[in-house]
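Down below is the structure, laid out as structure tokens.
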Amino acid sequence: MVVYLVGAGPGDPELITLKAVNALKNADVVLYDKLANDEILKYAKDAKFIYVGKQAGKHYKRQDEINEILVNEAKENDVVVRLKGGDPFVFGRGGEEMLALFKEGIEFKLIPGVTSAIGVPTTIGLPVTHRGVSTSVTLVTGHEDPTKNEKQVKWDFTADTIVILMGIGNIAENTAEIMKYKDPDTPVCVIENGTMENQRIVTGTLKDITEKEINPPALVVIGHVVDLFKEINKEV
Ligand SMILES: C[S@@+](CC[C@H](N)C(=O)[O-])C[C@H]1O[C@@H](n2cnc3c(N)ncnc32)[C@H](O)[C@@H]1O
């Protein structure tokens, strides 16, 4: 028994790694969340598929339930693939699943994926670092678990570029917090459904981005690197 914790990339099915494809080809069981593109499941021709993502109108599985399914499937099968969007360790709860497997003494292998946080900006010509413009990047969640006793995100980041994931629902509150520390005219780029056919890009500044129509799933990129994107995409 071995479990592969695998990143599926941000959406475009060609952005999955060869290593991930090979793991899928050998899989007896595949546990997957809602992926931006289900096309990659085709590599696991003979596998049993278990969907553990959100389903409208149904109870969706808590993390401890997913961990339990993963451990049980690992005990009953030779090769289990746990597939997650982007990279499993970037806001993917892959670390929790790795620990659950470790505690049960189950062998696991880790296959990174192209994280949307960096891969999606790259595909549109928005480098998250750039000589002379940005020497540092912060990746942050825009949606902290509301059951936490105290908020961990303070928004006083000093990085030149900030990339917010899960950032649309709270964009007004979060940009207001960031404006306490950064110039309200700092450029912002929001990328919806990055690398997919329905990709949409919206630009603005910290002070006006909330006036624009934006829908999840999307990334919010904040910083002067956005000017580089605007330079090569005059119409956006
Ligand atoms: C639960 S996090 C998972 C991130 C994933 N593990 C990764 O590395 O990309 C989900 C968030 O990632 C971002 N995201 C994932 N795929 C995206 C895409 N194709 N386009 C834009 N944002 C995306 C959105 O902010 C979304 O709310």
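The values are calculated or read from the model by the stated rules, or taken from the named source; none is laboratory data. None of the values given here were measured: they were computed from a predicted structure. Note: ideal-geometry Cβ built from the backbone for every residue, glycine included; neighbour counts use all protein chains shown.
Points to keep in mind about this one:
- Among the residues of the stretch 83-120, those that are outside any loop (DSSP other than H, G, I, E, B), in contact (Cβ under 8 Å) with a residue 24 or more places away in the chain and charged (D, E, K, R) comprise LYS84, GLU96, GLU97, LYS109.
- Restricting attention to the stretch 147-160, the residues that are touching a helix residue (DSSP H, G or I) at 6+ places or on another chain (Cβ under 9 Å) and away from the ligand (no atom under 15 Å from the Cβ) add up to 5.
- Scanning the stretch 81-134 for residues that are within 13 Å of the ligand (Cβ to nearest atom), in contact with a Lys or Arg (Cβ under 9 Å, 6 or more places away or on another chain) and charged (D, E, K, R) gives LYS84, ARG93, GLU97.
- When the stretch 1-56 is filtered for residues that are over 20 Å from GLU73 (Cβ atoms) and among the polar types (S, T, N, Q), the ones remaining, listed by number, are THR17, ASN37.
- Matching residues, the stretch 1-51, being under 21 Å from the mean Cα position of the chain (by Cα), assigned to a loop (DSSP other than H, G, I, E, B) and surrounded by fewer than 18 Cβ atoms within 10 Å (Cβ to Cβ): THR17, LYS34
- For the criterion of being surrounded by 14 or more Cβ atoms within 10 Å (Cβ to Cβ), in the same structural domain as LYS19 (by TED's automatic domain parsing) and more than 9 Å from the ligand (Cβ to nearest atom), LEU70 passes.
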